[in-house]
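The values are calculated or read from the model by the stated rules, or taken from the named source; none is laboratory data. For clarity, every value in this text was computed on a predicted model and none was experimentally measured. Using ideal geometry, Cβ is built from the backbone for each residue, glycine included, and neighbour counts are taken over all protein chains shown. Accessible surface areas use protein heavy atoms only, side chains included; no ligands, DNA or RNA. Shrake-Rupley method; radii C 1.70, N 1.55, O 1.52, S 1.80 Å.
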Amino acid sequence: MKTKLDELSLEAKKAILQAESLAELNELRVKYFGKKGLITEISKKMNTLSPVDRPIIGMMVNSVRESIKDQLNEKSKEIEQGILKEQLAKETIDVTLPGNPAPIGSVHPLSKVTQELEDIFIGMGYSVEEGPEVERDYYNFEALNLPKDHPARDMQDTFYITEEILLRSHTSPVQIRTMERMKGQVPVKIICPGKVYRRDDDVTHSHLFTQIEGLVIDRHIRMSDLKGTLLQFVQKMFGTQTQIRLRPSYFPFTEPSAEVDISCMFCGQAGCRICKNSGWIEVLGSGMVHPNVLEMSGYDSTQYSGFAFGIGVERIAMLKYGVNDIRNFYTNDLRLLTQFNHI
């Protein structure tokens with residue numbers, strides 16, 4: 001049996017040295033240590049040996065077993081290292097090669113126009129105020145001279161969360177909150193940019209859109225101040241050749257009120273689908289702050305007056321960039337949005 005173990009050890013060593021893959025090593029492992037492996041079979045015959053030979057042969061079996069296991073493990077590590085080196089060689093990256101350029105992002109056209117509008121009004125002495133998009137009914141309607149069940153609320157039908165909580169339909173609540181914070185102090189000269197929500201959806205309206213509202217309160221504020229402000233804004237935005245038109249209108253929170261139109265830049269006032277063949281595009285509503293709104297916010301309407309206006313950012317962006325459908329701003333189509341990267 002001693003001779004057989006010596007021959008087995010030499011045979012295993014030679015087979016292990018010649019193995020070229022992990023699969024071959026696994027086969028050798030089964031050959032020597034499996035249930036019917038050569039070392040296993042020898043171990044089963046130990047009980048046939050004499051008490052004198054059994055411990056001697058047992059030590060030899062253990063020695064051969066450990067020797068073969070060590071050789072298998074060393075060969076396995078050698079093959080694995082070879083595989084790793086080969087894989088690394090195949091996956092080597094030449095760091096001196098130029099990389100793939102990352103796409104350059106850009107500011108969304110609505111954000112561009114909002115920033116430009118803010119810059120114009122900041123240059124005219126206005127400050128920027130912001131407020132929550134989820135608003136109380138009081139600030140969105142009641143404090144703006146629109147009590148509950150008032151029919152004029154249908155003009156700004158919005159999305160309700162509860163009877164008292166809603167998504168704001170304009171940024172006018174920011175004006176009310178600012179007036180309350182000012183506690184009757186003047187002057188108030190602010191713009192309020194932000195998202196608003198209404199149940200509209202066509203080429204010139206959206207259920208979600210961006211608005212910038214303005215508010216001025218002081219002594220002796222007149223309608224002529226409002227007209228001069230809007231004219232200066234329009235000419236700074238579109239050039240001195242741009243015309244505006246004020247039309248009498250109705251808003252519950254202003255009196256008198258006016259719609260402000262800009263001459264259509266798509267058709268040169270000849271009439272088209274965007275301007276509804278009128279030559280004019282409505283871009284904002286405006287008017288003198290209603291005395292009830294002043295009083296509810298802590299201002300004496302006999303001492304102070306003011307004007308307010310609301311600008312649809314999308315309308316301005318459509319005119320500025322020649323976009324003929326307001327919904328294009330919200331489809332995230334890169335073919336459209338990337339056109340404004342360098343504007």
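One table, with the values for the structure above:
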| read-out | value |
| --- | --- |
| Filter result (more than 30 Å from PHE238 (Cβ to Cβ), open to solvent by less than 100 Å² (accessible area, probe 1.4 Å) and in a helix (DSSP H, G or I)) within the stretch 89-123 | ALA89 |
| Residue pairs meeting the criteria (Cβ under 6 Å; at least 6 apart or on separate chains; first more than 8 Å from ILE212 (Cβ to Cβ), in the stretch 109-122; second open to solvent by 50 Å² or more (accessible area, probe 1.4 Å)) | ILE120/LYS236 |
| Scope the stretch 1-40; condition of a type in the set (Asp, Glu) and either buried (at least 17 other Cβ atoms within 10 Å of the Cβ) or more than 58 Å from the chain's Cα centre (by Cα) (or both); matching residues | ASP6, GLU7, GLU11 |
| Pairs where the first residue, in the stretch 49-62, is more than 14 Å from LYS4 (Cβ to Cβ) and the second is open to solvent by less than 80 Å² (accessible area, probe 1.4 Å) and at pLDDT below 75, C-beta under 7 Å, 6+ apart | ARG54/MET46; GLY58/MET46 |
| Test: residue in the stretch 301-312 that is in a loop (DSSP other than H, G, I, E, B) and exposed (fewer than 14 other Cβ atoms within 10 Å of the Cβ) | yes |
| From LYS4, LYS45, LYS77, LYS13, residue being without any contact (Cβ under 8 Å) to a residue 24 or more places away in the chain and either among the charged types (D, E, K, R) or touching an Asp or Glu at 6+ places or on another chain (Cβ under 7 Å) (or both) | LYS77 |
| Of residues in the stretch 162-174 being out of contact with any Ser or Thr (no Cβ under 7 Å at 6 or more places or on another chain) and open to solvent by 10 Å² or more (accessible area, probe 1.4 Å), the one modelled with the lowest pLDDT | GLU163 |
| Within the stretch 175-195, tally of residues that are open to solvent by 20 Å² or more (accessible area, probe 1.4 Å) and in a helix (DSSP H, G or I) | 4 |
| Test for SER278: is it under 26 Å from GLN232 (Cα atoms), polar (S, T, N, Q) and crowded, with 19+ Cβ neighbours inside 10 Å | no |
| Residues (open to solvent by less than 70 Å² (accessible area, probe 1.4 Å), part of a loop (DSSP other than H, G, I, E, B) and polar (S, T, N, Q)) located in the stretch 211-254 | THR242 |
| GLU130 being outside any strand (DSSP E or B), of a type outside the set (Lys, Arg), under 26 Å from PRO187 (Cα atoms) and touching a Phe, Trp or Tyr at 6+ places or on another chain (Cβ under 9 Å) | no |
| Residue count, the stretch 129-149 (criterion: over 17 Å from TYR160 (Cα atoms) and open to solvent by less than 60 Å² (accessible area, probe 1.4 Å)) | 5 |
| Sole residue being over 34 Å from the mean Cα position of the chain (by Cα), assigned to a loop (DSSP other than H, G, I, E, B) and under 25 Å from LYS148 (Cα atoms), chosen from GLY298, GLY287 | GLY298 |
| Filtered residue count, the stretch 322-343, keeping only those that are within 27 Å of SER249 (Cβ to Cβ), open to solvent by less than 40 Å² (accessible area, probe 1.4 Å) and in a helix (DSSP H, G or I) | 2 |
| Residue match in the stretch 271-281 (condition: of a type outside the set (Gly, Ala, Ser), out of contact with any helix residue (DSSP H, G or I) (no Cβ under 9 Å at 6 or more places or on another chain), in a strand (DSSP E or B) and over 24 Å from SER172 (Cβ atoms)) | yes |
| Unmet requirement for ILE262, which otherwise passes all of (1) under 30 Å from LYS189 (Cα atoms); (2) surrounded by fewer than 18 Cβ atoms within 10 Å (Cβ to Cβ); (3) touching a strand residue (DSSP E or B) at 6+ places or on another chain (Cβ under 6 Å) | (2) |
| Failed criterion for SER257 (all others in (1) open to solvent by less than 30 Å² (accessible area, probe 1.4 Å); (2) hydroxyl-bearing (Ser, Thr, Tyr); (3) assigned to a helix (DSSP H, G or I) hold) | (3) |
| Cβ pairs under 6 Å, 6+ apart, first in the stretch 202-214 and within 16 Å of GLY131 (Cα to Cα), second at pLDDT 85 or above and open to solvent by 40 Å² or more (accessible area, probe 1.4 Å) | THR210/LYS195 |
